[in-house]
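Participant: Got a structure for you, written out below as structure tokens; questions coming shortly.
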Amino acid sequence: MSVEQSAFRLEFPLGDTYQAVAIANAATITGKDALENLTLTLDPVGAQPVWMSGVERFASDKSVSALTLNLQRVVARVEFAPVETEAELSAQTYFDAINVNVTSVADTYNVATGTAAIKSFDFTTDASKGYKVGFYTFNAAAAEEDALLDLAFYKGGQQVNNTPGALETGVKFLSNNRYSITVPVLSNDFVVAPWSTPEEASARSASFNVSVSPLQ
């Protein structure tokens with residue numbers, strides 16, 4: 001059904017009980033044979049957030065003539081970006097790609113239990129993307145720990161540097177929130193091998209930051 005159809009009509013045999021749920025923008029939907037098996041999968045780097053209604057239970061005894069299903073987002077948006085300006089990133093010659101590993105991300109969601117499968121994902125970005133990464137995740141409230149971030153820097157296909165340890169975001173990714181994560185990737189404080197001399201690096205005083213705002 002097209003999302004532009006705000007209403008539609010279905011005929012049901014009398015005397016049965018049904019459960020209904022509406023879903024939009026999921027990459028795949030499996031387990032359609034039973035509600036307890038119904039599982040959604042998203043493409044983290046997809047362009048559209050996943051929407052879903054609550055599960056509505058009703059009987060086909062003519063006591064219900066219409067059912068309203070209100071869609072809500074069941075995902076969070078996460079955006080990683082360097083603190084440095086485009087000019088600073090274009091001028092540097094240390095790396096030409098960054099692999100961003102993020103933990104406590106969920107790309108599958110069970111509708112009946114409202115739980116998501118927690119895992120880690122690797123995202124690769126380069127100068128053509130401004131060394132930025134953006135992705136969606138299902139609600140990760142069930143994650144055992146807050147999301148962690150690891151960066152690996154590459155040049156010519158070879159790893160040349162990495163963060164000395166996982167960067168602690170201090171957050172779990174919750175639905176309807178936007179998480180903006182900024183890291184000073186040219187700062188020697190965030191890499192194992194110094195990029196430059198202390199004098200050159202001293203001007204870069206920006207810090208790792210995570211800000212949270214409502215997802216619009």
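The values are calculated or read from the model by the stated rules, or taken from the named source; none is laboratory data. This is a predicted model, so every value here is computed, not measured. So basically every Cβ, Gly included, is an ideal-geometry build from the backbone, and we count neighbours across all protein chains shown. These area figures cover heavy atoms from the full protein model, side chains too; ligands, DNA and RNA do not enter into them. Shrake-Rupley method; radii C 1.70, N 1.55, O 1.52, S 1.80 Å.
Participant: Under 14 Å from a point placed 7 Å out from the Cα of Ile29 along the Cα-to-Cβ direction: which residues of segment 98-123 have their backbone N that close?
Facilitator: The answer is 109-112, whose backbone nitrogens lie closer than 14 Å to the label point.
Participant: Let me ask another. Check cross-link reach from Lys119 to the aspartates and glutamates: straight Cα distance under 18 Å, and skip same-chain residues fewer than eight apart.
Facilitator: Asp43, Glu79, Asp107, Glu144, Glu145, Asp146, Asp150, Glu168
Participant: What does the helix-only formula give at 222 nm for the chain: each DSSP H stretch with n ≥ 4 adding -39500 (n - 2.57), the total divided by the residues, and the result rounded to the nearest 500 deg cm²/dmol?
Facilitator: -1000 deg cm²/dmol
Participant: Mean separation of Cα pairs under 8 Å and 6+ residues apart, divided by the residue count of the chain: what relative contact order is that in percent?
Facilitator: Result for the chain is 20 percent.
Participant: I'd like the Karplus ³J(HN,Hα) series for segment 209-216: coefficients 6.51, -1.76, 1.60, θ = phi - 60°, whole numbers in Hz, and an x wherever there's a Gly or Pro.
Facilitator: Each residue of segment 209-216 in turn: 9, 10, 10, 10, 9, x, 7, 8 Hz.
Participant: Averaged per residue, what accessible surface does the chain expose to a 1.4 Å probe, in Å²?
Facilitator: I get 56 Å² per residue for this part.
Participant: Something else now. Taking the Cα centre of segment 58-216 as the origin, how large is its charge dipole in debye, to the nearest 20, when only Lys and Arg (+1) and Asp and Glu (-1) carry charge on their Cβ atoms?
Facilitator: Charge dipole of segment 58-216: 660 debye, to the nearest 20.
Participant: Pop out the ³J(HN,Hα) list for segment 188-194 in order, Karplus 6.51 cos²θ - 1.76 cosθ + 1.60 with θ = phi - 60°, rounded to Hz; leave Gly and Pro as x.
Facilitator: 5, 5, 10, 9, 6, 9, x
Participant: Moving on. Excluding Phe135 itself, calculate the net charge of residues whose Cβ lies under 13 Å from the Cβ of Phe135, where each Lys or Arg counts +1 and each Asp or Glu counts -1.
Facilitator: Its environment carries a net charge of +1.
Participant: Over the Cα atoms of the chain, what is the Rg over Rh ratio if Rh follows Kirkwood?
Facilitator: Across the chain, the Cα-based Rg/Rh ratio is 1.12.
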